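Working notes for the structure below.
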Amino acid sequence: MLYNMDTESEIVISGLSGRFPDSDNLDEFWQNLIDGKDMITNDHDRFKVDEKTMPTRMGVIKTLEAFDADFFAVHGKQSDVMDPRTRKLLEVSYEALLDAGVNPATIRGTRTGVFVGGSESDAGGIWRRSNTKMNFYGVLGNILSMMAGRLSFIFGFTGPSYVVDTACSASSVALQQALLNIRTGQCDAALVAGAHLHHDPASTYMFQQLEMTSKDGKCKVFDASADGYVRAEAIVAIYICKKDVAKRSYATIVHAATNNDGYKEQGITFPSVVLQEKVIRQVYEESGVDPLEVDYIEAHGTGTKVGDPEEMLAVSKVFCEGRKGPLLVGSVKSNMGHSEVVSGLCSIAKIILAHSAGIIPANLHYKTALTRRQNRNFVCLLHEVIKQDTPKHVFRGFVVVEPEKMEIVVERQEPKRSMWFVLPGLGSQWLGMSRDLIKFDAFRKSLDISTKALAEVGYDLARVFQSEDVKIFDNLKNAVVPITAIQVALIDLLSYFHDPMGPYYCLGCSTSYKGIIKAKRNKVLLPLAL
(Lines give C-alpha, C1' and ligand atoms only; values in the text may rest on other atoms or scores of the structure.)
Protein backbone atom coordinates (compact mmCIF):
# COMPACT_ATOMS: atom_id res chain seq x y z
CA MET A 1 0.00 0.00 0.00
CA LEU A 2 1.32 3.44 -0.93
CA TYR A 3 0.86 6.23 1.59
CA ASN A 4 0.32 9.89 0.74
CA MET A 5 2.32 12.35 2.82
CA ASP A 6 0.12 14.78 4.76
CA THR A 7 2.24 17.90 5.18
CA GLU A 8 -0.69 20.25 5.78
CA SER A 9 -2.00 18.98 9.13
CA GLU A 10 -0.34 20.50 12.18
CA ILE A 11 0.94 17.88 14.61
CA VAL A 12 1.26 18.88 18.24
CA ILE A 13 2.55 17.60 21.56
CA SER A 14 -0.67 17.25 23.52
CA GLY A 15 0.36 15.35 26.66
CA LEU A 16 3.54 14.98 28.71
CA SER A 17 4.70 13.09 31.80
CA GLY A 18 7.96 11.83 33.23
CA ARG A 19 10.24 10.73 36.03
CA PHE A 20 13.60 12.48 36.25
CA PRO A 21 16.56 12.43 38.66
CA ASP A 22 15.33 13.52 42.09
CA SER A 23 12.00 14.41 40.47
CA ASP A 24 8.85 12.29 40.72
CA ASN A 25 6.94 14.49 38.28
CA LEU A 26 7.18 17.51 36.00
CA ASP A 27 6.49 20.01 38.79
CA GLU A 28 9.41 18.74 40.85
CA PHE A 29 11.61 18.62 37.77
CA TRP A 30 10.81 22.22 36.91
CA GLN A 31 11.40 23.38 40.48
CA ASN A 32 14.81 21.70 40.48
CA LEU A 33 15.66 23.37 37.16
CA ILE A 34 14.77 26.92 38.17
CA ASP A 35 16.39 26.45 41.59
CA GLY A 36 19.63 25.56 39.83
CA LYS A 37 19.79 22.28 41.72
CA ASP A 38 22.35 19.67 40.72
CA MET A 39 20.15 16.57 40.46
CA ILE A 40 23.15 14.22 40.57
CA THR A 41 23.90 12.37 43.79
CA ASN A 42 26.24 9.91 45.48
CA ASP A 43 23.38 8.75 47.67
CA HIS A 44 21.79 5.96 45.65
CA ASP A 45 21.26 2.22 46.04
CA ARG A 46 21.42 1.10 42.41
CA PHE A 47 24.67 -0.81 42.96
CA LYS A 48 27.73 -0.82 45.17
CA VAL A 49 30.82 0.80 43.69
CA ASP A 50 33.95 -1.14 44.65
CA GLU A 51 36.10 0.05 41.78
CA LYS A 52 38.02 3.19 42.76
CA THR A 53 38.17 4.52 39.21
CA MET A 54 34.43 4.22 38.61
CA PRO A 55 32.20 7.29 39.09
CA THR A 56 29.94 7.13 42.11
CA ARG A 57 27.74 10.13 41.25
CA MET A 58 24.67 9.42 39.16
CA GLY A 59 21.26 10.84 38.40
CA VAL A 60 18.60 8.45 39.70
CA ILE A 61 14.82 8.64 39.83
CA LYS A 62 13.30 8.44 43.28
CA THR A 63 11.22 5.26 43.44
CA LEU A 64 11.17 1.99 41.52
CA GLU A 65 9.48 -0.28 44.05
CA ALA A 66 5.83 0.76 43.78
CA PHE A 67 3.69 -0.50 40.89
CA ASP A 68 -0.07 -1.05 40.73
CA ALA A 69 -0.12 -4.33 38.82
CA ASP A 70 -3.85 -4.79 39.33
CA PHE A 71 -4.64 -1.37 37.85
CA PHE A 72 -2.72 -2.20 34.66
CA ALA A 73 -4.05 -5.78 34.56
CA VAL A 74 -0.58 -7.29 34.87
CA HIS A 75 -0.35 -10.74 36.44
CA GLY A 76 1.51 -10.75 39.76
CA LYS A 77 4.06 -13.30 38.54
CA GLN A 78 4.65 -11.17 35.46
CA SER A 79 4.99 -7.97 37.46
CA ASP A 80 7.60 -9.51 39.77
CA VAL A 81 10.04 -10.16 36.90
CA MET A 82 9.06 -7.31 34.58
CA ASP A 83 11.76 -4.85 33.63
CA PRO A 84 11.30 -1.81 35.92
CA ARG A 85 11.51 0.41 32.83
CA THR A 86 8.35 -1.17 31.42
CA ARG A 87 6.49 -0.74 34.71
CA LYS A 88 7.38 2.95 34.81
CA LEU A 89 6.58 3.37 31.11
CA LEU A 90 3.04 2.17 31.79
CA GLU A 91 2.67 4.80 34.50
CA VAL A 92 4.05 7.80 32.59
CA SER A 93 2.24 6.81 29.37
CA TYR A 94 -1.07 6.68 31.21
CA GLU A 95 -0.31 10.06 32.79
CA ALA A 96 0.66 11.57 29.41
CA LEU A 97 -2.69 10.52 27.98
CA LEU A 98 -4.53 12.06 30.93
CA ASP A 99 -2.42 15.21 30.56
CA ALA A 100 -3.68 15.44 26.98
CA GLY A 101 -7.26 15.22 28.23
CA VAL A 102 -7.67 11.74 26.76
CA ASN A 103 -9.35 8.88 28.62
CA PRO A 104 -7.33 5.81 27.53
CA ALA A 105 -10.54 3.80 27.24
CA THR A 106 -11.86 6.15 24.53
CA ILE A 107 -8.93 5.45 22.17
CA ARG A 108 -8.76 1.71 22.77
CA GLY A 109 -8.76 -0.12 19.43
CA THR A 110 -7.61 2.98 17.53
CA ARG A 111 -4.58 3.22 15.25
CA THR A 112 -2.46 4.86 17.91
CA GLY A 113 1.22 4.10 17.46
CA VAL A 114 3.81 3.43 20.15
CA PHE A 115 7.41 4.46 19.53
CA VAL A 116 9.90 3.90 22.36
CA GLY A 117 13.57 4.81 22.65
CA GLY A 118 15.39 2.13 24.57
CA SER A 119 18.40 -0.16 24.80
CA GLU A 120 19.29 -3.51 26.31
CA SER A 121 18.10 -4.00 29.86
CA ASP A 122 20.44 -3.86 32.86
CA ALA A 123 17.74 -5.58 34.92
CA GLY A 124 17.30 -8.30 32.31
CA GLY A 125 21.02 -9.03 32.34
CA ILE A 126 21.02 -9.38 36.12
CA TRP A 127 17.94 -11.62 35.96
CA ARG A 128 19.62 -13.90 33.42
CA ARG A 129 22.75 -14.17 35.60
CA SER A 130 20.78 -14.86 38.77
CA ASN A 131 19.79 -18.25 40.19
CA THR A 132 16.15 -17.52 39.43
CA LYS A 133 14.63 -20.22 37.27
CA MET A 134 13.92 -18.79 33.85
CA ASN A 135 10.31 -18.93 32.80
CA PHE A 136 7.77 -17.53 30.38
CA TYR A 137 7.11 -14.48 32.57
CA GLY A 138 10.76 -13.54 32.82
CA VAL A 139 11.29 -13.68 29.06
CA LEU A 140 8.22 -11.57 28.29
CA GLY A 141 9.09 -9.18 31.10
CA ASN A 142 12.61 -8.40 29.92
CA ILE A 143 12.73 -8.67 26.15
CA LEU A 144 13.45 -5.25 24.60
CA SER A 145 10.51 -5.23 22.17
CA MET A 146 8.07 -5.47 25.07
CA MET A 147 8.86 -1.92 26.14
CA ALA A 148 6.62 -0.89 23.23
CA GLY A 149 4.58 -4.07 22.84
CA ARG A 150 3.39 -4.04 26.45
CA LEU A 151 2.05 -0.47 26.08
CA SER A 152 0.14 -1.36 22.91
CA PHE A 153 -1.23 -4.49 24.60
CA ILE A 154 -2.36 -2.81 27.82
CA PHE A 155 -3.94 0.22 26.12
CA GLY A 156 -5.30 -1.73 23.13
CA PHE A 157 -3.53 0.33 20.46
CA THR A 158 -3.39 -1.16 16.96
CA GLY A 159 -0.95 1.22 15.28
CA PRO A 160 2.76 0.57 14.63
CA SER A 161 4.61 -0.36 17.81
CA TYR A 162 8.35 -0.78 18.15
CA VAL A 163 11.50 0.12 20.09
CA VAL A 164 14.18 2.32 18.55
CA ASP A 165 17.78 1.86 19.66
CA THR A 166 20.11 4.44 18.13
CA ALA A 167 22.04 5.06 21.34
CA CYS A 168 21.74 8.63 22.69
CA SER A 169 19.44 9.73 19.86
CA ALA A 170 16.94 6.88 20.40
CA SER A 171 13.99 8.87 21.76
CA SER A 172 14.57 11.64 19.22
CA VAL A 173 14.51 9.13 16.37
CA ALA A 174 11.40 7.55 17.93
CA LEU A 175 9.72 10.97 17.72
CA GLN A 176 10.80 11.36 14.09
CA GLN A 177 9.35 7.92 13.31
CA ALA A 178 6.08 8.80 15.05
CA LEU A 179 5.81 12.05 13.10
CA LEU A 180 6.46 10.22 9.82
CA ASN A 181 3.88 7.53 10.61
CA ILE A 182 1.18 10.09 11.38
CA ARG A 183 1.92 12.11 8.26
CA THR A 184 1.79 9.01 6.06
CA GLY A 185 -1.47 7.85 7.63
CA GLN A 186 -0.09 4.71 9.24
CA CYS A 187 -1.39 5.86 12.62
CA ASP A 188 -3.71 8.61 13.84
CA ALA A 189 -1.80 9.55 16.99
CA ALA A 190 1.20 8.26 18.89
CA LEU A 191 2.76 7.69 22.27
CA VAL A 192 6.46 8.52 22.10
CA ALA A 193 8.45 7.40 25.11
CA GLY A 194 11.88 6.54 26.40
CA ALA A 195 13.19 4.73 29.46
CA HIS A 196 16.64 4.31 30.97
CA LEU A 197 17.63 2.89 34.37
CA HIS A 198 20.96 1.80 35.85
CA HIS A 199 21.17 -1.46 37.79
CA ASP A 200 24.41 -3.02 36.58
CA PRO A 201 27.77 -1.35 37.35
CA ALA A 202 29.39 -3.14 34.40
CA SER A 203 28.11 -0.67 31.81
CA THR A 204 29.14 2.32 33.95
CA TYR A 205 32.59 0.80 34.34
CA MET A 206 32.93 0.29 30.57
CA PHE A 207 31.94 3.87 29.82
CA GLN A 208 34.55 5.04 32.32
CA GLN A 209 37.20 2.85 30.65
CA LEU A 210 36.29 4.46 27.32
CA GLU A 211 36.86 7.83 29.02
CA MET A 212 33.37 9.04 28.15
CA THR A 213 32.22 9.83 31.69
CA SER A 214 33.25 12.66 33.99
CA LYS A 215 35.60 11.85 36.85
CA ASP A 216 33.86 14.25 39.23
CA GLY A 217 30.33 13.33 38.14
CA LYS A 218 29.39 16.63 36.49
CA CYS A 219 28.26 17.41 32.96
CA LYS A 220 30.32 20.57 32.42
CA VAL A 221 28.53 21.37 29.18
CA PHE A 222 30.26 23.92 26.87
CA ASP A 223 32.93 24.51 29.52
CA ALA A 224 36.65 24.37 28.81
CA SER A 225 37.08 21.93 31.73
CA ALA A 226 34.57 19.42 30.33
CA ASP A 227 35.83 15.86 30.77
CA GLY A 228 32.79 13.72 30.01
CA TYR A 229 29.21 13.22 31.12
CA VAL A 230 27.53 11.77 34.19
CA ARG A 231 25.02 8.97 33.66
CA ALA A 232 21.39 9.51 34.60
CA GLU A 233 18.03 7.80 34.63
CA ALA A 234 14.75 9.04 33.18
CA ILE A 235 11.35 7.76 32.05
CA VAL A 236 9.43 10.15 29.78
CA ALA A 237 6.35 9.90 27.56
CA ILE A 238 4.59 12.36 25.27
CA TYR A 239 1.31 12.01 23.37
CA ILE A 240 1.23 13.58 19.91
CA CYS A 241 -1.69 13.99 17.53
CA LYS A 242 -3.09 16.31 14.87
CA LYS A 243 -4.01 19.73 16.19
CA ASP A 244 -7.59 19.60 14.96
CA VAL A 245 -8.37 16.75 17.38
CA ALA A 246 -6.08 17.82 20.24
CA LYS A 247 -7.61 19.02 23.50
CA ARG A 248 -4.32 20.62 24.53
CA SER A 249 -1.34 21.84 22.55
CA TYR A 250 2.03 22.39 24.24
CA ALA A 251 4.00 22.81 21.03
CA THR A 252 3.90 22.14 17.31
CA ILE A 253 6.30 19.60 15.80
CA VAL A 254 7.26 21.36 12.58
CA HIS A 255 9.64 18.83 11.11
CA ALA A 256 12.25 16.19 11.98
CA ALA A 257 14.96 14.35 10.08
CA THR A 258 17.70 11.84 10.77
CA ASN A 259 20.94 10.79 9.13
CA ASN A 260 24.12 8.88 9.92
CA ASP A 261 27.77 9.89 9.84
CA GLY A 262 28.78 6.83 7.84
CA TYR A 263 32.49 5.97 7.81
CA LYS A 264 34.89 8.27 9.66
CA GLU A 265 38.64 7.90 9.93
CA GLN A 266 38.53 9.03 13.58
CA GLY A 267 36.29 6.09 14.55
CA ILE A 268 32.62 5.21 14.95
CA THR A 269 32.14 7.19 18.19
CA PHE A 270 33.59 10.44 16.83
CA PRO A 271 30.88 12.97 15.84
CA SER A 272 30.84 14.50 12.37
CA VAL A 273 30.35 18.26 12.28
CA VAL A 274 29.71 18.04 8.52
CA LEU A 275 26.83 15.56 8.84
CA GLN A 276 25.36 17.37 11.86
CA GLU A 277 25.31 20.60 9.91
CA LYS A 278 23.80 18.79 6.92
CA VAL A 279 20.84 17.28 8.79
CA ILE A 280 20.10 20.55 10.61
CA ARG A 281 20.07 22.46 7.32
CA GLN A 282 17.84 19.76 5.82
CA VAL A 283 15.21 20.26 8.54
CA TYR A 284 15.10 24.03 8.11
CA GLU A 285 15.18 23.99 4.32
CA GLU A 286 12.41 21.38 4.05
CA SER A 287 10.24 23.15 6.62
CA GLY A 288 10.83 26.61 5.13
CA VAL A 289 11.99 28.09 8.44
CA ASP A 290 14.85 30.60 8.51
CA PRO A 291 17.48 29.48 11.09
CA LEU A 292 18.07 33.17 11.93
CA GLU A 293 14.53 33.30 13.36
CA VAL A 294 15.48 30.78 16.05
CA ASP A 295 16.03 32.41 19.45
CA TYR A 296 17.12 29.40 21.51
CA ILE A 297 18.77 26.03 20.91
CA GLU A 298 18.42 23.18 23.38
CA ALA A 299 21.58 21.33 22.43
CA HIS A 300 22.56 17.70 22.90
CA GLY A 301 25.52 19.05 24.92
CA THR A 302 26.84 16.19 27.04
CA GLY A 303 30.07 17.72 28.33
CA THR A 304 32.51 15.56 26.37
CA LYS A 305 35.77 16.98 25.04
CA VAL A 306 34.99 15.99 21.46
CA GLY A 307 31.20 16.13 21.22
CA ASP A 308 30.51 19.66 22.47
CA PRO A 309 32.97 21.49 20.17
CA GLU A 310 31.76 19.55 17.11
CA GLU A 311 28.10 20.24 17.90
CA MET A 312 28.68 23.91 18.63
CA LEU A 313 30.61 24.34 15.39
CA ALA A 314 27.69 22.87 13.43
CA VAL A 315 25.22 25.05 15.35
CA SER A 316 27.25 28.21 14.77
CA LYS A 317 27.54 27.52 11.04
CA VAL A 318 23.77 27.04 10.64
CA PHE A 319 22.34 29.53 13.13
CA CYS A 320 24.98 32.24 13.59
CA GLU A 321 26.27 33.17 10.15
CA GLY A 322 24.57 36.51 9.42
CA ARG A 323 22.97 36.72 12.86
CA LYS A 324 22.92 40.21 14.42
CA GLY A 325 22.15 39.29 18.04
CA PRO A 326 23.22 36.46 20.33
CA LEU A 327 21.86 32.92 20.07
CA LEU A 328 20.94 31.39 23.43
CA VAL A 329 22.08 27.78 23.89
CA GLY A 330 21.49 25.40 26.77
CA SER A 331 21.55 21.73 27.73
CA VAL A 332 19.48 20.06 30.43
CA LYS A 333 22.27 17.51 30.94
CA SER A 334 24.19 20.05 33.01
CA ASN A 335 21.30 19.91 35.49
CA MET A 336 20.23 16.25 35.48
CA GLY A 337 23.00 14.31 33.74
CA HIS A 338 22.85 12.37 30.50
CA SER A 339 19.91 9.97 30.32
CA GLU A 340 21.29 8.57 27.06
CA VAL A 341 18.40 6.95 25.11
CA VAL A 342 15.85 9.28 26.78
CA SER A 343 17.88 12.48 26.46
CA GLY A 344 15.89 13.86 23.51
CA LEU A 345 12.59 13.69 25.39
CA CYS A 346 14.17 15.18 28.52
CA SER A 347 15.23 18.16 26.41
CA ILE A 348 11.70 18.48 25.03
CA ALA A 349 10.27 18.36 28.57
CA LYS A 350 12.58 21.20 29.62
CA ILE A 351 11.65 23.29 26.55
CA ILE A 352 7.90 22.84 27.11
CA LEU A 353 8.17 23.79 30.78
CA ALA A 354 10.44 26.75 30.01
CA HIS A 355 8.11 28.02 27.29
CA SER A 356 5.09 27.74 29.60
CA ALA A 357 6.86 29.68 32.36
CA GLY A 358 8.66 32.15 30.11
CA ILE A 359 11.97 31.34 31.81
CA ILE A 360 15.00 29.43 30.51
CA PRO A 361 16.72 27.57 33.37
CA ALA A 362 20.43 28.26 33.65
CA ASN A 363 23.14 25.78 32.78
CA LEU A 364 25.17 24.48 35.70
CA HIS A 365 28.97 23.96 35.94
CA TYR A 366 29.75 26.63 33.33
CA LYS A 367 32.75 28.85 34.06
CA THR A 368 35.07 29.14 31.07
CA ALA A 369 33.91 29.05 27.46
CA LEU A 370 35.12 26.38 25.08
CA THR A 371 38.12 27.45 23.02
CA ARG A 372 37.77 27.24 19.29
CA ARG A 373 40.02 24.80 17.54
CA GLN A 374 42.63 25.95 15.03
CA ASN A 375 41.30 27.39 11.80
CA ARG A 376 40.12 24.39 9.77
CA ASN A 377 40.61 26.03 6.39
CA PHE A 378 44.23 26.90 7.19
CA VAL A 379 44.96 23.37 8.39
CA CYS A 380 43.40 21.95 5.21
CA LEU A 381 45.64 24.21 3.12
CA LEU A 382 48.69 23.00 5.03
CA HIS A 383 47.69 19.43 4.24
CA GLU A 384 47.53 20.35 0.56
CA VAL A 385 50.95 22.00 0.69
CA ILE A 386 52.73 18.98 2.16
CA LYS A 387 51.23 16.33 -0.12
CA GLN A 388 54.35 16.67 -2.30
CA ASP A 389 58.00 17.03 -1.31
CA THR A 390 59.13 20.66 -1.16
CA PRO A 391 62.65 21.43 -2.47
CA LYS A 392 65.14 22.56 0.23
CA HIS A 393 62.80 21.41 3.00
CA VAL A 394 64.52 18.92 5.27
CA PHE A 395 61.22 17.86 6.83
CA ARG A 396 57.81 17.37 5.35
CA GLY A 397 55.06 18.34 7.78
CA PHE A 398 53.75 21.20 9.87
CA VAL A 399 52.83 22.16 13.41
CA VAL A 400 50.27 24.71 14.60
CA VAL A 401 51.64 26.39 17.69
CA GLU A 402 49.62 28.24 20.31
CA PRO A 403 50.75 31.87 20.89
CA GLU A 404 51.75 31.25 24.50
CA LYS A 405 53.90 28.27 23.49
CA MET A 406 56.14 29.80 20.84
CA GLU A 407 59.46 28.25 21.89
CA ILE A 408 60.53 25.90 19.11
CA VAL A 409 63.80 23.98 18.81
CA VAL A 410 64.63 22.45 15.43
CA GLU A 411 67.66 20.30 14.72
CA ARG A 412 68.75 20.00 11.14
CA GLN A 413 69.04 16.44 9.83
CA GLU A 414 70.15 14.97 6.55
CA PRO A 415 67.12 14.19 4.41
CA LYS A 416 66.11 10.53 4.53
CA ARG A 417 62.98 8.56 4.05
CA SER A 418 61.11 7.53 7.16
CA MET A 419 59.78 4.01 7.55
CA TRP A 420 56.37 3.58 9.13
CA PHE A 421 54.85 0.38 10.47
CA VAL A 422 51.07 0.44 10.92
CA LEU A 423 49.78 -2.25 13.29
CA PRO A 424 46.24 -3.31 14.25
CA GLY A 425 44.65 -2.61 17.59
CA LEU A 426 42.52 -4.79 19.85
CA GLY A 427 41.26 -8.11 18.56
CA SER A 428 44.51 -9.56 17.21
CA GLN A 429 45.77 -10.94 20.54
CA TRP A 430 45.99 -14.67 21.24
CA LEU A 431 47.58 -17.02 23.76
CA GLY A 432 51.27 -17.59 23.07
CA MET A 433 51.54 -14.72 20.61
CA SER A 434 55.20 -14.00 21.52
CA ARG A 435 56.58 -17.54 21.33
CA ASP A 436 57.48 -17.73 17.64
CA LEU A 437 59.38 -14.43 17.59
CA ILE A 438 61.17 -14.69 20.91
CA LYS A 439 64.08 -16.44 19.19
CA PHE A 440 65.09 -13.14 17.55
CA ASP A 441 67.44 -11.16 19.79
CA ALA A 442 66.00 -7.75 18.95
CA PHE A 443 62.45 -8.96 19.67
CA ARG A 444 63.41 -10.70 22.93
CA LYS A 445 65.45 -7.74 24.19
CA SER A 446 62.56 -5.38 23.44
CA LEU A 447 60.14 -7.53 25.47
CA ASP A 448 62.66 -7.73 28.31
CA ILE A 449 62.91 -3.94 28.42
CA SER A 450 59.10 -3.59 28.35
CA THR A 451 58.70 -6.23 31.07
CA LYS A 452 61.10 -4.40 33.38
CA ALA A 453 59.50 -1.02 32.69
CA LEU A 454 56.00 -2.37 33.37
CA ALA A 455 57.15 -4.13 36.54
CA GLU A 456 57.92 -0.71 37.99
CA VAL A 457 54.21 0.12 37.89
CA GLY A 458 53.16 -3.30 39.19
CA TYR A 459 52.22 -4.99 35.91
CA ASP A 460 53.50 -8.54 35.24
CA LEU A 461 53.83 -8.81 31.47
CA ALA A 462 55.57 -12.20 31.55
CA ARG A 463 52.64 -13.74 33.46
CA VAL A 464 50.23 -12.83 30.68
CA PHE A 465 52.49 -14.18 27.95
CA GLN A 466 52.98 -17.47 29.84
CA SER A 467 49.30 -17.95 30.72
CA GLU A 468 47.28 -20.79 29.18
CA ASP A 469 43.95 -19.35 30.31
CA VAL A 470 42.03 -17.83 27.39
CA LYS A 471 39.90 -15.82 29.86
CA ILE A 472 42.92 -13.75 30.82
CA PHE A 473 42.06 -11.40 27.98
CA ASP A 474 38.63 -10.70 29.47
CA ASN A 475 40.46 -8.08 31.51
CA LEU A 476 40.80 -5.14 29.11
CA LYS A 477 44.21 -4.25 30.51
CA ASN A 478 45.51 -7.76 29.76
CA ALA A 479 44.45 -7.31 26.16
CA VAL A 480 45.74 -3.79 25.59
CA VAL A 481 49.12 -3.85 27.35
CA PRO A 482 50.57 -7.14 25.98
CA ILE A 483 49.54 -6.46 22.40
CA THR A 484 51.10 -2.99 22.61
CA ALA A 485 54.33 -4.53 23.95
CA ILE A 486 54.30 -7.04 21.07
CA GLN A 487 53.84 -4.24 18.56
CA VAL A 488 56.70 -2.24 20.07
CA ALA A 489 58.90 -5.36 19.86
CA LEU A 490 57.88 -5.91 16.23
CA ILE A 491 58.89 -2.35 15.39
CA ASP A 492 62.21 -2.87 17.18
CA LEU A 493 62.79 -6.04 15.19
CA LEU A 494 61.84 -4.57 11.81
CA SER A 495 63.77 -1.37 12.49
CA TYR A 496 66.93 -3.17 13.67
CA PHE A 497 68.83 -2.73 10.41
CA HIS A 498 67.07 0.45 9.31
CA ASP A 499 67.81 2.98 12.05
CA PRO A 500 70.66 2.41 14.54
CA MET A 501 69.36 5.32 16.64
CA GLY A 502 66.22 3.32 17.35
CA PRO A 503 62.62 3.95 16.37
CA TYR A 504 59.93 6.16 17.82
CA TYR A 505 56.64 4.56 18.76
CA CYS A 506 53.37 6.29 17.84
CA LEU A 507 50.14 5.66 19.69
CA GLY A 508 47.11 6.76 17.66
CA CYS A 509 43.79 7.17 19.39
CA SER A 510 40.56 8.64 17.98
CA THR A 511 38.69 9.41 21.19
CA SER A 512 40.25 11.42 23.98
CA TYR A 513 43.80 11.88 22.67
CA LYS A 514 44.36 14.85 20.37
CA GLY A 515 46.14 13.58 17.27
CA ILE A 516 49.09 11.22 17.56
CA ILE A 517 51.37 11.05 20.56
CA LYS A 518 54.96 10.56 19.46
CA ALA A 519 56.94 9.17 22.33
CA LYS A 520 59.49 6.68 23.57
CA ARG A 521 58.46 3.32 24.97
CA ASN A 522 57.57 4.41 28.51
CA LYS A 523 55.21 7.10 27.20
CA VAL A 524 53.28 4.47 25.22
CA LEU A 525 53.24 1.41 27.49
CA LEU A 526 53.16 2.68 31.05
CA PRO A 527 49.91 4.72 30.87
CA LEU A 528 48.10 1.61 29.58
CA ALA A 529 49.18 -0.44 32.58
CA LEU A 530 48.10 2.08 35.22
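When 367, 350 are compared by accessible surface with a 1.4 Å probe, the order from highest to lowest is 367, 350. Rolled with a 1.4 Å probe across the full set of protein chains, the surface gives residue 250 an accessible area near 60 Å². The listed residues 13, 351 rank as 351, 13 when sorted by accessible area, largest first, using a 1.4 Å probe.
To the nearest Å, what is the center-to-center distance of segment 156-217 and segment 99-126, using C-alpha atoms only? The distance from the Cα centre of segment 156-217 to that of segment 99-126 comes to 12 Å.
Cross-link pairs exceeding 22 Å in C-alpha to C-alpha distance, out of 220/350; 37/317; 218/305; 439/477, comprise 37/317; 439/477. Its Kirkwood hydrodynamic radius, worked out from the mean inverse distance over all distinct Cα pairs, puts segment 207-339 at 16.8 Å. Here, segment 82-170 yields an orientationally averaged convex hull projection of 6.3 nm² when only Cα atoms define the hull.
Computed on segment 5-85, the Cα convex hull volume stands at 229 Å³ per residue.
Can you give the FRET efficiency for residue 274 and residue 70, using 1/(1 + (r/R0)^6), R0 = 60 Å, r = Cβ-Cβ distance, to the nearest 0.05? Efficiency, from the Cβ-Cβ distance: 0.65. Loop-located trypsin sites (Lys or Arg not before Pro) across segment 114-220 with a Cβ neighbour count of 15 or fewer within 10 Å are 133, 215, with loop assigned by DSSP.
Taking all pairs of different Cα atoms in segment 125-249, averaging 1/r and flipping that mean, what Kirkwood radius in angstroms comes out?
This gives a value of 17.6 Å.
Annotation: extensible slack from residue 254 through residue 316 equals 20.2 nm (criterion: 0.36 nm per residue apart, minus Cα-Cα distance).
Per residue, segment 52-130 exposes 45 Å² of solvent-accessible protein surface, assessed with a 1.4 angstrom probe and all protein chains in place. Taken over segment 282-351, the alpha-carbon convex hull comes to 108 cubic angstrom per residue.
Across 269, 86, the residue with the most accessible area heads the list, and the full order at a 1.4 Å probe is 269, 86.
Work out how much length residue 368 to residue 34 would gain on full extension: take 0.36 nm times their residue separation and subtract the Cα-Cα distance, in nm to one decimal.
Residue separation times 0.36 nm, minus the Cα-Cα distance, leaves 118.1 nm.
What would the Debye equation give as log₁₀ I(q)/I(0) for segment 1-137 at q = 0.10, 0.15 Å⁻¹, counting only Cα atoms as equal point scatterers? At q = 0.10, 0.15 Å⁻¹ the computed log10 ratios are -0.51, -1.03.
If the segment from residue 153 to residue 437 were pulled out straight at 0.36 nm per residue, it would be longer than the present Cα-Cα gap by 96.1 nm. Once the Cβ-Cβ distance of residue 103 and residue 263 is raised to the sixth power relative to R0 = 56 Å, the FRET efficiency obtained is 0.70.
Shown here for segment 1-108: GluC sites (Glu not before Pro) in loop regions (DSSP other than H, G, I, E, B) with at most 13 other Cβ atoms within 10 Å, namely 8, 10, 51, 65. For a straight C-alpha distance cut-off of 16 angstrom, the aspartates and glutamates reachable from residue 247 (same-chain residues fewer than eight places away being disregarded) are 10, 95, 99, 188.
The values are calculated or read from the model by the stated rules, or taken from the named source; none is laboratory data. Model, not experiment: these values are computed from the prediction. Note that we place each Cβ from the backbone using ideal geometry, even for glycine, and neighbour counts take in every protein chain shown. Just so you know, the surface numbers come from the protein's heavy atoms only, side chains and all, with ligands and any DNA or RNA stripped out. Shrake-Rupley method; radii C 1.70, N 1.55, O 1.52, S 1.80 Å.
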